[in-house]
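The values are calculated or read from the model by the stated rules, or taken from the named source; none is laboratory data. Quick caveat: nothing in here was measured; it's all calculated off a predicted structure. A quick note on method: Cβ atoms are made from the backbone with ideal geometry, for glycine too, and the neighbour counts reach across all protein chains shown.
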Amino acid sequence: MPGFELFSDLERNEVNDVLDNGVLMRYGFDGMRKGHWKAKELESELGKTFQSNHVQLVSSGTAAVSVALASAGVGAGDEVIMPTFTFVASFEAIMMLGAIPILVDIDDTLTLDPKAVEAAITPKTKAVMIVQMCGSMGNMDALQDICNTHNLLFVEDACQAIGGTYKGKPLGSIADLGCFSFDFVKTITCGEGGAVVTNNKDYYINADHYSDHGHDHVGNDRGAETHPFLGYNFRISELHAAVGLAQVRRLPEFIAIQKRNYTILRNALSRVPGVTFRTVPKGGEESYAFLNFFLPDAESSQKVIEAFKTGGVDACWNYYHNNWHYIKEWNHLKDLKSLFPISTEVKKGLEYLQTKTFEQSDSYIARNISCLIKLSWTEDEVKDRAEKMAKIIKAHI
Ligand SMILES: Cc1ncc(COP(=O)(O)O)c(C=O)c1O
């Protein structure tokens, strides 16, 4: 991560194709396009990458989560179980549908603890959404079993995990629906963009229509298309899709670089007493977009993070007090600061956040350090960085 580090003529040529024919919209204008359908081509490439029957591109990863849930019928008053460690998009996308995010503890995989999920199920629970944070995954089999037993929809937010696999299957293609982000900082970027991935044809058709004002996409006269149901505009543009098309073809190259850089860092840190790594479930392979490790306690991780900053080691974070990624600082959610009135059902459904504590999540996140793996580093730069990081950690724990 991120794919923008290696922009090349491949991306430029795809964008120029779009500018040359002038059609920036993904639907219609058949006569003008000179055969260029970048969004359609990207959907087809992603279908191969994710070994999935259906892919619907949308305008962002946040939109992908809303569209995925809506496509499976999740809406007002439904509860969606999600982890405490994620990105704010998770609860935003759920609440946009009038549904209620139910936050539960993570375990040492850094995402949903199956025991916490099971304990949070109520008659209102409609879906479980795992967030495959920082390029790795949770215990997919246990979570799938829970969903099967309780007849719940299983959704994967794989926005940070493109290229990772579990038992040979791409992350994001395992649950009923998978969601991806191609925003500016992701391994594959469109600038802004996202995708919903599924093998369920009905969900796919719903996603296709819902993300384009409910259009049925029958025929080639947009004005004459019918609207089987209400929708919104979550379309991606041809310009964004063009960038993504060039990038997705380079995914194997990007993952190989991430793996090389990750492995150098991990090998160096493995030799430092007191450093342990997040658990990757058996059969899983990370995307190598981040290296996540734990230090023995919260104090040492704070000291190390500060020393990384002053010592010139960038792109490493402790998320305990991070405004984007962890429940601790999400006061706008806890206090329900909304520009518009929120339904009584959602208000009531979120009252638990006033009192609920997440000690188990705290214990993992406070001790965790998460390091972004860049694509632009040379092998020598990574070796240098690895040495520096090991030295700093040894000096501070
Ligand atoms: C785990 C996760 N989910 C969803 C999103 C939202 O993606 P986007 O920025 O494309 O809306 C992000 C973005 O960082 C993310 O990290």
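Against the test of being assigned by the TED database to the domain that holds PHE277 and either over 15 Å from the mean Cα position of the chain (by Cα) or more than 17 Å from LEU42 (Cα to Cα) (or both), the options ASN233, ASN267, ASN200, ASN220 yield a single qualifying residue, ASN267. Elements of the type helices (runs of 4 or more DSSP H) sitting completely within segment 329-392 and holding at least 3 residues that are surrounded by 13 or more Cβ atoms within 10 Å (Cβ to Cβ) and in contact (Cβ under 8 Å) with a residue 12 or more places away in the chain: these cover 344-349, 359-367. Inclusion of LEU57 among residues that are more than 13 Å from the ligand (Cβ to nearest atom), at pLDDT 95 or above and not basic (Lys, Arg) is not warranted. Within segment 97-112, track down each residue that is within 11 Å of GLY77 (Cα to Cα) and outside any loop (DSSP other than H, G, I, E, B). Across segment 97-112, the qualifying residues are ILE100, PRO101.
Checked against (1) crowded, with 24+ Cβ neighbours inside 10 Å; (2) part of a loop (DSSP other than H, G, I, E, B), ILE94 passes all but condition (2). When you scan segment 66-79, do you find a residue that is more than 22 Å from the chain's Cα centre (by Cα), surrounded by 14 or more Cβ atoms within 10 Å (Cβ to Cβ) and not aromatic (Phe, Trp, Tyr), even just one? Yes, segment 66-79 contains a residue that is more than 22 Å from the chain's Cα centre (by Cα), surrounded by 14 or more Cβ atoms within 10 Å (Cβ to Cβ) and not aromatic (Phe, Trp, Tyr). The set of residues in segment 175-206 being more than 16 Å from the ligand (Cβ to nearest atom) and either part of a loop (DSSP other than H, G, I, E, B) or in contact with a Ser or Thr (Cβ under 6 Å, 6 or more places away or on another chain) (or both) consists of ASP176, ASN199, ASN200, TYR203, TYR204, ASN206. Assess whether TYR166 counts as being more than 17 Å from SER287 (Cβ to Cβ) and touching a strand residue (DSSP E or B) at 6+ places or on another chain (Cβ under 7 Å). Spelling it out, it is not the case that TYR166 is more than 17 Å from SER287 (Cβ to Cβ) and touching a strand residue (DSSP E or B) at 6+ places or on another chain (Cβ under 7 Å).
When you scan segment 215-227, do you find a residue that is assigned to a loop (DSSP other than H, G, I, E, B), among the β-branched types (Val, Ile, Thr) and surrounded by fewer than 20 Cβ atoms within 10 Å (Cβ to Cβ), even just one? First the steps, then the outcome.
Our first condition is that a residue be assigned to a loop (DSSP other than H, G, I, E, B); within segment 215-227, this holds for 215-221, 225-227.
Going one step further and asking which of them are among the β-branched types (Val, Ile, Thr), we end up with 218, 226.
Narrowing further to those that are surrounded by fewer than 20 Cβ atoms within 10 Å (Cβ to Cβ): 218, 226.
Checked segment 215-227: at least one residue is assigned to a loop (DSSP other than H, G, I, E, B), among the β-branched types (Val, Ile, Thr) and surrounded by fewer than 20 Cβ atoms within 10 Å (Cβ to Cβ).
Restricting MET25, MET1 to residues that are under 30 Å from LYS374 (Cα atoms) and part of a loop (DSSP other than H, G, I, E, B) narrows the list to MET1. When segment 129-160 is filtered for residues that are among the small types (Gly, Ala, Ser) and within 16 Å of the ligand (Cβ to nearest atom), the ones remaining, listed by number, are GLY135, SER136, GLY138, ALA158.
Could you please let me know if SER287 is within 16 Å of ILE393 (Cα to Cα) and either outside the structural domain of THR189 (by the TED database) or in a loop (DSSP other than H, G, I, E, B) (or both)? Spelling it out, it is not the case that SER287 is within 16 Å of ILE393 (Cα to Cα) and either outside the structural domain of THR189 (by the TED database) or in a loop (DSSP other than H, G, I, E, B) (or both).
State which residue is farthest from the ligand (Cβ to nearest atom) when the search covers only segment 291-314 and only residues that are touching a helix residue (DSSP H, G or I) at 6+ places or on another chain (Cβ under 9 Å) and among the aliphatic types (A, V, I, L, M). Residue satisfying both the conditions and the ranking: ALA307. The residue that is surrounded by the fewest Cβ atoms within 10 Å (Cβ to Cβ), counting only those in segment 113-157 that are over 21 Å from GLU345 (Cβ atoms) and hydroxyl-bearing (Ser, Thr, Tyr), is THR149.
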